[in-house]
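Below is one structure; the comments refer to it alone.
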C-alpha cells in the first residue's frame, strides 16, 4: 500500500508554472501586478492605521512608487489587480472574525476597512480604472482566499508582482501562497509599506528573498517591462549581479557557455563580498532589469553556496537526488500515513 501511495505522489505534476523557460524579463501576456490594500485606512492621513504606517510610507515614498508601478504596468499592457478588504456586520456578528487571530481583532477594535466607508476606499492617487480588476474583499491576510485564483487562471498568469500593504501580513501571506501554487513571485520593495520598520525589515529583507524569486525596486520593474521578451539569456560582462533581496553582489567578469562537462555559468570575482572568485550557474538567474541581473539567493547566503568552482553536469545530477521509482520509503523509517 505504501508503495502505491508513493508512486501516486511522484506522478503528480511539478508545481512551478513557468518551468522550462529561459525568460529573464516579465512575459507581458503572463504577468500580473497585484496591488494589495491601497486604501485610505493605510495610506491617508486620518486613516485608522495611518499613524502606524506613516513612517514606512514616507521612508520609501510608497504612494508615489505604487502609482508609478501601476502606471508602468498599464502602459506595458500588464493587467493590474486590486485586492482590498471590507468588513460588514455579518463578518463580526455572525462569523466572529474578531476571535480568529490578532490582526482581525486589531481591525475590529480600530474599525478598519468598514464596508462603504472612506477608510475602506482606494487612496485618491491609486484608484482603479475601468480596465483594472477589483477583487472581492479578503477577510484576513491571504488574498488567495478571494476570486484572485480565478482571475489569474483566466489571464494565463505565471508571473505575479506584489505591491501594497502590509509587508509582513497580506503581502507576505499572499506571496507565500502564490509561491506554493507555483507562480514566479516578485516583490516591489519600495512600493510596500508596513506598520513599523521592524516588521518591514523582517519581511522585505529576510522573508521575501527566500519565499519569492526576486525583490526589486519600482524603477527596476519599469526597466524590465521595457525590455523585449526573449528566450535568449543575455547576460553580459559588466552586468551588476544582485541577490534575491535586491542587494548588489558584484559584477560579471567572465561568461562560459555549457560544455560536455560544465554547465553554463558566469564569474563574479572576489572582492568586498566574496573572498574568492564565485562561479554562478546561469540558471540561478531569474530576472534581468537593464544592466542588473538577479539570482534567487539572498546576498547574505550566497557565500554559503558551493560555487567556488565551475558547476559540472555530474554535480547537477547529484543535486537532483534519486528518481522516485528508486525510493522505497520517503523517510528512513516509513512512508507518509495518507488518508486515501
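No value in this document is a laboratory result; all are computed from the given coordinates. None of the values given here were measured: they were computed from a predicted structure. All Cβ positions, even for glycine, are placed from backbone atoms using ideal geometry, and neighbour counts span all protein chains on display.
Here are the numbers:
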item	result
Peptides 99-109, 84-94, 179-189, 31-41 ordered by average Cβ neighbours within 10 Å, highest first	31-41, 179-189, 84-94, 99-109
Most fluctuating residue given options 194, 259, 324, as computed from a GNM of the chain linking Cα atoms under 10 Å	324
Antiparallel DSSP beta bridges within the chain, percent to nearest 5	40
Most fluctuating residue given options 19, 54, 139, as computed from a GNM of the chain linking Cα atoms under 10 Å	19
Choice from 69, 49, 58 with maximal GNM fluctuation in the chain (Cα, 10 Å cutoff)	58
Residues in region 268-290 that a label on residue 240 would reach, taking backbone N under 14 Å of a point 7 Å out along Cα→Cβ	288-290
Stretchable slack from residue 110 to residue 227, in nm (0.36 nm times residue separation minus alpha-carbon distance)	37.7 nm
222 nm mean residue ellipticity, helices alone, for the chain (DSSP H n ≥ 4; -39,500 (n - 2.57); rounded to 500)	-7500 deg cm²/dmol
Inter-centroid distance (Cα atoms) of region 295-340 relative to region 43-86, Å	39
Region 28-225, relative contact order [Cα under 8 Å, separation at least 6], %	29
Peptides ranked, highest mean first, by Cβ atoms within 10 Å: ranges 122-135, 290-303	290-303, 122-135
Relative contact order of region 196-260, pairs being alpha-carbon contacts under 8 Å that are 6 or more residues apart, as %	31
Two-site FRET efficiency, residue 300 against residue 132, from Cβ-Cβ distance with R₀ of 51 Å, rounded to 0.05	0.85
Length-normalised contact order of the chain in % [C-alpha pairs under 8 Å, at least 6 apart]	19
DSSP bridge orientation in region 28-225 - percent antiparallel, rounded to nearest 5	5
